[in-house]
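Data block below; observations after.
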Amino acid sequence: VGPENASQPESVRLFVAVHVPPDELERIERETEHLRSSLGGARWMQRSNQHVTLKFLGRSPVDRVSAIQEVVEIVARSHEPGECRLTQLGAFPTTRRARVLWVGLDDPMSLLPALAGDLDRALEPLGFPAEARPFHPHLTLARFKVPERVEEHLVALTEPGRSFAVTGIDLMRSHLHPRGARYESLRRFPLGRGDLTGRVD
Ligand code: ATP
Ligand code: MG
């Protein structure tokens, strides 16, 4: 139980995410090692916390979680697994005043925007407002409290990323803490209509 629950004990902070294989996260960490000294004000995300957010739900009453899971499961089953690859570094909102440093993804079948759009539409009737901004799939590496100029530092990653299979999406719970959030997968939903017996409950 984190400090965020003190005032609202019956609610949880939720989002839906895709996970990247650990060896690809290790590669990105190796290849961005030099940035840890050159970008002084960055707060780096631990590897175990790195993910690609598809849909941010925010606070939800605990008693809505099973209805949310049903919706996420239907969306997951309606998309076949696909292949993605981590590619170039980038920053939000701009590389001259970065607040977020990220790695983008090559997603030739546009699986991630398809999932994000379906989650957006399917969760709206449950009271989660549809996203107004365009979806930019990314893996957050670091955040800046004070916007920082990063454009000179964003040289291309040296090794080409390995393409990896996206076989499921996770309903995630976020535990906010002053020293950084911790994320927990509540449940993984496999993509497609294949064998569901392997799912993690
Ligand atoms: P903190 O908010 O303490 O910096 P955090 O942003 O890592 O921590 P959350 O705010 O719970 O943790 O966010 C969980 C995930 O959802 C992160 O990937 C975050 O980038 C994403 N996210 C958070 N807020 C939004 C939002 N309004 N729209 C889209 N994605 C969001
Ligand atoms: Mg946040």
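Over the chain, average the accessible area per residue using a 1.4 Å probe and give it in Å², no decimals.
Result: 54 Å² of accessible area for each residue.
DSSP loop trypsin sites (Lys or Arg not before Pro) in the range 104-201 with at most 14 other Cβ atoms within 10 Å of their Cβ, which ones? Taking the range 104-201 and a limit of 14 other Cβ atoms within 10 Å, the loop trypsin sites (Lys or Arg not before Pro) found are R149, R162, R179, R193, R199.
For the chain, what does the helix formula give at 222 nm: sum of -39500 (n - 2.57) over DSSP H segments with n ≥ 4, over the residue count, nearest 500 deg cm²/dmol?
Dividing the helical sum by the residues of the chain leaves -6000 deg cm²/dmol.
Per-residue surface analysis assigns H19 an accessible area of about 60 Å², computed on protein heavy atoms at 1.4 Å probe radius. Taking amide H positions as modeled 1.01 Å from N, with prolines and chain starts lacking one, the residues under 5 Å from L186 and 5 or more places away or on another chain are L171, M172, R173.
For the chain, the fraction of 1.4 Å probe accessible surface lying on carbon and sulfur atoms is 52 percent. Projected label points at H136 and R97, each 7 Å from Cα along the beta carbon direction, are separated by 1.4 nanometres. Dipole magnitude for the chain: about 700 debye, using +1 per Lys or Arg Cβ and -1 per Asp or Glu Cβ, origin at the Cα centre.
The values are calculated or read from the model by the stated rules, or taken from the named source; none is laboratory data. On a predicted model such as this, the values are computed, not experimentally measured, just so you know. Cβ atoms come from the backbone with ideal geometry, glycine included; neighbour counts cover every protein chain shown. What goes into the accessible areas is simple: the full protein's heavy atoms, side chains included, and nothing from ligands, DNA or RNA. Shrake-Rupley method; radii C 1.70, N 1.55, O 1.52, S 1.80 Å.
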